[in-house]
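Computed from the coordinates by the stated procedures, all read-outs in this text should not be read as laboratory data. These numbers come from a predicted model, not from an experiment. Please note: Cβ atoms are built from the backbone with ideal geometry, for glycine as well, and neighbour counts cover all protein chains shown.
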Amino acid sequence: MSEKKIITTPLTDETVEDLKIGDNVLITGTIYTARDAAHKRLVELIDKGAELPFDVKGQIIYFAGPTPPKPGQVIGSAGPTTSYRMNAYTPKLIGAGQKGMIGKGEMSAEVVEAMKKQKAVYFAAVGGAGALISKSITAAEVIAYDDLGAEAIRKLTVKDFPAIVALDCRGGNLFKEGIAKYGQK
Amino acid sequence: MREIKTDTITDAVRQIVMDAATDLGDDVVAALKAAKKVEKSPVGLDILNQIIDNAKIARDEKAPMCQDTGYAVLFVELGQDVHITGGDFEEAINEGVRRGYKDGYLRKSVLGDPIERKNTGDNTPAIIHTQIVPGDKMKITIAPKGGGSENMSEVKMMKPSDGIEGVKSFVLDRVLRSGGNPCPPVIIGVGIGGTFEKCAMLAKKSLLRGVGDRHPNKFYADLELELLEKINKLGVGPQGLGGTTTALDVHVEVHPCHIASLPVAVNTQCHAARHKEVVL
């Protein structure tokens, strides 16, 4: 396996520009979870010009809804959910300063355009590896929308969170490249 | 006539709910390990390693292998000589689901209404498919289903003139369009024939078969292997990031159908192909 790039949050333009599709990264710092319902609320706030429950500038949003922690755990299993469901919301959040997304599966052309324009990056984590991924989460705290349960916004502290750059800020697309490379007629 | 108490049903369901979430079947793990030997993409290989490590952690630590612990789908084969006592049969199952998701620290992913979208808080109601069969036993199978892979499933009412080639094209196109969304490597369940709802049930039930279990009819066994080979040539790969392991298996089930119809369903299953059963 290629060498892993260590990156820390919040992300800067320089960090984002340095990442290209296929890079293996280990993310350390703070990331925020949000799924469909939380994204809907965040974008409603942006549309109203209201303040968001956390400052998204430079931040990574992790599309995830964990299982409840067992006693003594900081979080339960916490793998990524499918990203395309956030296509309708992510461009606006990138417009508000968000720099990164972690999820699984491809995102839309509109998201990619916003990523190119504002310099943002999309990481794929391994869907269905929630027990493994939770080992890289050292702290978790619900900071908004507790009523949404698993879908609440959680502030996670992560150390060496494993992910792969799947869409980069130059329009590089590992999904399309992968099929072109490994598809056989 | 044999009596089975609803409390017995509830306890049994609670246990298989928890076991299914943490204990991936040996057949799936073996298929993932076999895939590692043939996967050509380094990224794909790294992903397969993570998935195998994850399954081991889940089993050893009794942790859910995936945070999407699913909608609880249960298949019940109820012997016609069984008399259920002590309460409501479906409520007994729902109580087992409720307790299993609570005691197993599993995620509650069920909304009470598809438009209002408010979580029921206990992962009920379950989806319960009951079939009356001869005998005095009750077999309960749980197949918790994650949303990501279920969303990449489809029913198509094809024309009889589309024939077998049309069926193959539909299945391959469905897998290609799904890309990384359903967490490949996937297992593809295909239902052919019956009616609109019957073919969907066939596709779903085919996913209960073990990886490597072939259809008893040679024509359909060969079709399964042909589709598997073609799917793995699409290049989608683990998590859709490119590679030669897109599916671990394809299961086909068929049923007689109407002269006007060729219903086909594809039920996509992620690599967390969970199912557990108990016989009472």
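Sorting B:200-211, A:71-82, B:240-251, A:109-120 by average packing, meaning the other beta carbons within 10 Å per residue, from highest down gives B:240-251, A:71-82, B:200-211, A:109-120. Label zone of B:I115 (point 7 Å out along Cα→Cβ, amide N under 15 Å): in the stretch A:6-38 this covers no residue at all. In chain B, the longest principal axis of the Cα atoms and the axis of helix B:163-178 are about 80 degrees apart.
Judged by a Cβ-Cβ distance under 4.7 Å, the unpaired cysteines of the protein assembly as shown are A:C169, B:C66, B:C199, B:C257. With a 10 Å cut-off around each Cβ of B:174-186, the average count of Cβ atoms from other chains is 4. Helix B:26-38 axis versus longest C-alpha principal axis of chain B: approximately 20°, rounded to the nearest ten.
Can you pull the one-decimal nm distance between simple spin-label points at A:A180 and B:I132, each 7 Å off the Cα toward Cβ? With each label placed 7 Å out from Cα toward Cβ, I get 6.0 nm. Three semi-axes describe the equivalent ellipsoid of the stretch B:1-66; taken as square roots of 5 times the Cα gyration tensor eigenvalues and ordered largest first, they are 35, 13, 7 Å. Once C-alpha pairs closer than 8 Å and six or more residues apart are averaged by separation and normalised to the residue number of the stretch B:147-272, the relative contact order reads 45 percent. The charge dipole of the protein assembly as shown, taken about its Cα centre with unit charges on the Cβ atoms of Lys, Arg (+1), Asp and Glu (-1) only, comes to about 820 debye.
Projecting label points 7 angstrom from Cα along Cα→Cβ for B:E91 and B:A34 puts them 4.6 nm apart.
With the convex hull drawn around the C-alpha atoms of the stretch A:4-160, the volume per residue stands at 99 Å³.
Summary value for chain B: 26 percent relative contact order, contacts being C-alpha pairs under 8 angstrom separated by 6+ residues.
Sequence-ordered 3J(HN,Hα) estimates for the stretch B:241-247 from the Karplus curve with 6.51, -1.76 and 1.60 and θ = phi - 60° stand at 9, x, x, 9, 10, 9, 9 Hz, glycine and proline given as x. Identify which of A:I133, A:I46, A:I61 has the largest mean-square fluctuation in a Gaussian network model of chain A, with springs joining Cα atoms closer than 10 Å. The residue with the greatest mean-square fluctuation here is A:I46. Peptides B:216-226, B:88-98, A:94-104, ordered by how many other C-beta atoms sit within 10 Å of their residues on average, highest first, read A:94-104, B:88-98, B:216-226.
When only C-alpha pairs under 8 Å and at least 6 residues apart count, what is the relative contact order of the stretch A:4-160, in percent?
Computed over the stretch A:4-160, the figure is 28 percent.
Near B:L234, the amide H atoms lying under 5 Å from its own belong to A:Q184; only residues 5 or more places off or on other chains count, and H is placed 1.01 Å from N. Annotation: amide H of B:L262 within the under-5 Å range of B:M158, sequence separation 5 or more or interchain, hydrogens built in the peptide plane. Between the amide H of B:G25 and those of B:H275, distances stay under 5 Å, these residues lying 5 or more places away or on another chain, with hydrogens modeled in the peptide plane. Here the 3J(HN,Hα) profile of the stretch A:69-79, calculated from phi with Karplus coefficients 6.51, -1.76 and 1.60 at θ = phi - 60°, is x, 7, x, x, 8, 7, 7, x, 5, 8, x Hz, Gly and Pro shown as x. In this structure, B:I259 and B:D53 have a Cβ-Cβ separation that, at R0 = 51 Å, corresponds to a calculated FRET efficiency of about 0.50. Computed 3J(HN,Hα) for the stretch A:158-173, one whole-Hz value per residue from the Karplus formula 6.51 cos²θ - 1.76 cosθ + 1.60 where θ = phi - 60°, is 10, 9, 6, 6, x, 8, 10, 6, 9, 9, 10, 7, 9, x, x, 9, glycine and proline marked x.
Report the gain in length on full extension from B:E229 to B:E3: 0.36 nm times residue separation, minus Cα-Cα distance, nm rounded to one decimal.
Fully extending the segment from B:E229 to B:E3 adds 76.6 nm.
If only the Cβ of Lys and Arg carry +1 and only the Cβ of Asp and Glu carry -1, the dipole of the stretch B:1-108 around its Cα centre is close to 480 debye.
Ranked by how many other Cβ atoms sit within 10 Å of their own Cβ, fewest first, the residues A:R35, B:R107 fall in the order A:R35, B:R107.
Converting the Cα gyration tensor eigenvalues of the protein assembly as shown into ellipsoid dimensions via √(5λ) gives semi-axes, longest first, of 36, 27, 20 Å. For the pair A:D13 and A:L45, the difference between a 0.36 nm per residue extended length and the Cα-Cα distance amounts to 9.0 nm.
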